[in-house]
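What follows is a set of notes on a single structure, which appears directly below.
What follows is calculated from the coordinates using simple rules that are stated; it is not laboratory data. What you see is a predicted model; the values in this text were computed from it and never measured. FYI the Cβ positions are ideal-geometry reconstructions off the backbone, even for glycines, and counts take in every protein chain you see.
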Amino acid sequence: MKLLSLLKNFRFFFALLVLVFVHFNAMAQGNLLILPRRIVFEDSKRTQELNLANTGKDTARYVISVIQYRMKEDGNFEEISKPDSGQYFADKNFRFFPRSVVLAPNEAQVVKVQLTNTTQLKPGEYRSHLYFRAVPYEKPLGEKDTVNKPKTITIKLIAVFGIAVPVIIKNGSSTTITKLSDLSLKVAADTKPILSMNINRTGNMSVYGDITVNYISPKGVTTQVGLVNGLSVYTPNTLRKFQMILDSSSQINYHSGKLQIIYAAQADAKPAKFAESELLLN
């Protein structure tokens, strides 16, 4: 009876965890779900947790390591070994455990991340990434394969993927200022409206938030026509070029009125509006 009760409790916990993944910002690839999608240490925080869940039908093994990235102007990342000018790695100032996990189907586990050696940190932002790499799961020695082996030669391809989660340490007060510029809207008869913009960042820390676009008609009626969650501009970048598709509803006339673009912190963070701008339509 106790075992049955534990199994029921586990199923409830896993279902609850998946529900949280669905409703909040989670990172997923393959059958691995990770929540949250980034870790930020600021103020008095010293320890944080990453929640992992295997939604697949097979047991999976993941090796966790630290990797360094630079963000490009288009928002893509490329791996580097040395920091760019004005960029600081965080890998010497945190530790994590465990360093590998094996998750059975519908199993969840926590990875703890803890700050260390931060007393001598200079003011600013430090960033590295935890990289979760899927590796083939090897059966324990002695465990027999119940599948009949074919008599002919076969080739088995195994997809290997990884997920990178940024670990950010913010030390001191932020001097960051964000502005939106070079706004333009492309409207074609056979395509959806595309809004282009530049996000300009100056200061000592990165920005991370949501872009909301509202259409304001000539009569002053406001309608939300676009939303992008989790948009970042990491240090030391001062520019990110960004495009987003807007609502193509026939009720919106993109040849009159104006667009209001707001870049603000996410709902679960400290309330903050990073930047706001308007684009007149004609």
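Over 25 Å between Cα atoms: which of Lys192/Lys241; Lys45/Lys241; Lys57/Lys92; Lys179/Lys219; Lys179/Lys270 fall into that group? Display every interim value, and only then the final one.
Numbers: Lys192/Lys241 19 Å; Lys45/Lys241 32 Å; Lys57/Lys92 37 Å; Lys179/Lys219 27 Å; Lys179/Lys270 19 Å.
Among Lys192/Lys241; Lys45/Lys241; Lys57/Lys92; Lys179/Lys219; Lys179/Lys270, the Cα-Cα distance tops 25 Å for Lys45/Lys241; Lys57/Lys92; Lys179/Lys219.
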Peptide ranges 51-63, 267-279 listed from the most packed, as the mean C-beta count within 10 angstrom indicates: 51-63, 267-279
Given charges at beta-carbon only (K, R positive; D, E negative), |dipole| of the stretch 177-280 in Debye: 180 debye
Average Cα contact separation per residue, the stretch 43-90, under 8 Å, 6 or more apart, as relative contact order %: 21 percent
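Under a Cβ-Cβ cut-off of 14 Å, what is the net charge of the residues other than Ile64 that fall near it, where Lys and Arg count +1 and Asp and Glu count -1?
Working: positive: Arg61, Arg95, Arg99, Lys112, Arg133; negative: Glu49, Asp91.
Net charge around Ile64: +3.
Calculated FRET efficiency, Ala267 and Leu121, Cβ-Cβ r, R0 35 Å, to nearest 0.05? The partial results should precede the final answer.
Numbers: r = 29 Å, r/R0 = 0.84.
E between Ala267 and Leu121, to the nearest 0.05, is 0.75.
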Extreme residue, positive dipole direction of the stretch 177-280, given options Ile211, Thr223, Gln251 (C-beta unit charges): Ile211
Contact order relative to length of the stretch 177-280, as percent, for alpha carbon pairs under 8 angstrom and 6 or more apart: 31 percent
Summed residue charge, Cβ within 15 Å of Met197's Cβ, Lys/Arg positive, Asp/Glu negative: 0
